[in-house]
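*Asks:* Okay, here's the structure, questions in a sec.
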Amino acid sequence: QVQLVESGGGLVQPGGSLRLSCAASGRIFSINTMAWHRQAPGKQRELVAVITSVGSTNYADSAKGRFTISRDNAKNTVYLQMNSLKPEDTAVYYCYANVQFHSGSSSYVYWGQGTQVTVSS
């Protein structure tokens, strides 16, 4: 099995910064796409940023220019650096990993448990 453990959430004032981390553990051969999603109260979960195994990235319009996704393949870890935070960024943030257990095998999607980010003065 695979576990994704997130950390780094918390309470921050508008304009502040936070760095989220998500470490994957288990009998992993490789991880393809990794991503961050978020879900605000009363809203659907939405994609924030995604990164491929070779480092290609894509961002939601709301995250462009403020958030940076990165990964450390040796540590099976994905990060989300969030700057210039706004109250509307308040949500539970979930990491996502598309995992292979053997070379050439199918890949499986795993989610973290979520970490709360609250932006408020």
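The values are calculated or read from the model by the stated rules, or taken from the named source; none is laboratory data. Everything quoted here is computed from the prediction, not taken from an experiment. A quick note on method: Cβ atoms are made from the backbone with ideal geometry, for glycine too, and the neighbour counts reach across all protein chains shown. Side chains are part of the model used for accessible areas, which takes the heavy atoms of the whole protein and leaves out ligands, DNA and RNA. Shrake-Rupley method; radii C 1.70, N 1.55, O 1.52, S 1.80 Å.
*Asks:* Run the accessible area of the chain with a 1.4 Å probe and give the carbon-and-sulfur part as a rounded percent.
*Replies:* Result for the chain: 47 percent of the exposed heavy-atom area is carbon or sulfur.
*Asks:* Charges only on Cβ, +1 for Lys and Arg, -1 for Asp and Glu: so what's the dipole of the chain about the Cα centre, in debye to the nearest 20?
*Replies:* 60 debye
*Asks:* Residue by residue through the range 57-62, what is 3J(HN,Hα) from phi via Karplus (6.51 cos²θ - 1.76 cosθ + 1.60, θ = phi - 60°)? Round to whole Hz and write x for glycine and proline.
*Replies:* Computed from phi, the couplings for the range 57-62 are 10, 8, 10, 5, 4, 5 Hz.
*Asks:* Excluding residue 82 itself, what net charge comes from residues whose Cβ is under 14 Å from its Cβ, given Lys and Arg +1 and Asp and Glu -1?
*Replies:* Value of the local net charge: +2.
*Asks:* Which trypsin sites (Lys or Arg not before Pro) does the range 25-121 hold that lie in a coil by DSSP with at most 12 other beta carbons within 10 Å?
*Replies:* Listed in order of number, the matching sites are 27, 43, 64.
*Asks:* Next question. Residue 16's amide H: which non-local residues (gap 5+, or another chain) put their own amide H closer than 5 Å, with H modeled 1.01 Å from N in plane and none for Pro or chain starts?
*Replies:* Residues meeting the criterion, in which the H sits 1.01 Å from N, are 85.
*Asks:* Moving on to the next point. Just to be sure I understand: with springs between alpha-carbon atoms less than 10 Å apart, which residue in 40, 97, 23 has the highest mean-square fluctuation in the Gaussian network model of the chain?
*Replies:* Fluctuation is largest for 40.
*Asks:* Another question, then. Using alpha-carbon positions, what is the distance between the centroids of the range 48-85 and the range 1-20, in Å?
*Replies:* For the range 48-85 versus the range 1-20, the Cα centre distance is 13 Å.
*Asks:* I've got another one for you. Can you tell me which of 106, 25, 53 moves the most in a GNM of the chain? Springs connect C-alpha atoms under 10 Å apart.
*Replies:* Of the options given, 106 has the highest mean-square fluctuation.
*Asks:* Sticking with this structure for a sec: How large is the accessible surface per residue of the chain, computed with a 1.4 Å probe and reported in Å² as a whole number?
*Replies:* 53 Å²
*Asks:* Quick one: compute the contact order of the range 6-81, relative version, from alpha carbon pairs under 8 angstrom and 6+ residues apart, as a percent.
*Replies:* Once divided by the residue count of the range 6-81, the mean separation gives 30 percent.
*Asks:* Can you tally the net charge around residue 43? Count Lys and Arg as +1, Asp and Glu as -1, for every other residue whose Cβ sits under 14 Å from the Cβ of residue 43.
*Replies:* Taking every other residue near residue 43 into account, the sum is -1.
*Asks:* Can I ask one more? Residue by residue through the range 95-108, what is 3J(HN,Hα) from phi via Karplus (6.51 cos²θ - 1.76 cosθ + 1.60, θ = phi - 60°)? Round to whole Hz and write x for glycine and proline.
*Replies:* 9, 9, 9, 9, 10, 10, 9, 8, 4, x, 7, 5, 10, 10
*Asks:* Find me the longest stretch of the chain that has none of the exposed chymotrypsin sites (Phe, Trp or Tyr not before Pro), where exposed means in a DSSP loop (not H, G, I, E or B) with at most 15 other Cβ atoms within 10 Å.
*Replies:* 30-100
*Asks:* Which far-off residues, 5 or more places away or on another chain, put their amide H under 5 Å from the one on residue 66, with H placed in the peptide plane?
*Replies:* Excluding prolines and chain starts, which carry no amide H, there are no hits.
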